[in-house]
Amino acid sequence: MAQVNNARAIRDVELILHSGSPHYEARSWTAAGTECRRDRHRYTGQGYAFNVEILQVRHVGRTAWEVMIVSERWSTGMPETVARGHKWMKVVSGSPTEVRTWIRRHRPTGITYSEVEEEAGASLDI
């Protein structure tokens, strides 16, 4: 079975999706035959804060699948110091092999991940 829950697969999916995104702050868009939705949640306590971003990616058609990428960032202190950052991806429905095939088919050539970060104005990795 193809692995799609590693850091490289997450980075590849984000590269494909964000290179087709109308704007980094967009809440929904389509890219490379997928429907994308992003939700962000933030909480600030007295001594800590955390941010969670959930990116849902749904591919429709003959080989339908859906993945969810969750990014968590915990910080503490003033100025904020990152205490922990974690990102993971889960295939919600469909075949991991189909997701891997989609990644190979749509991975852009001639663009690096850092270029997408600069374009977005923020780091996509935690």
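Read-outs: derived from the displayed coordinates by stated rules, not from any lab. Keep in mind that what you see is a predicted model, and the values were worked out from it rather than measured. Reconstructed Cβ throughout: ideal geometry from the backbone, glycine too, with neighbour counts over all protein chains shown.
Worth a mention:
- Where labels lie 7 Å past Cα in the beta-carbon direction, separation of ALA49 and THR63 in nm: 4.1
- Kirkwood estimate for region 7-120, i.e. one over the average of 1/r between Cα atoms, Å: 15.2
- For the peptides 12-19, 67-74, 46-53, the ranking by packing is 12-19, 67-74, 46-53, with the highest mean count of neighbouring Cβ atoms within 10 Å listed first.
- For a label point 7 Å along the Cα-to-beta-carbon line of MET78, residues of region 35-52 with backbone N under 16 Å: 44-49
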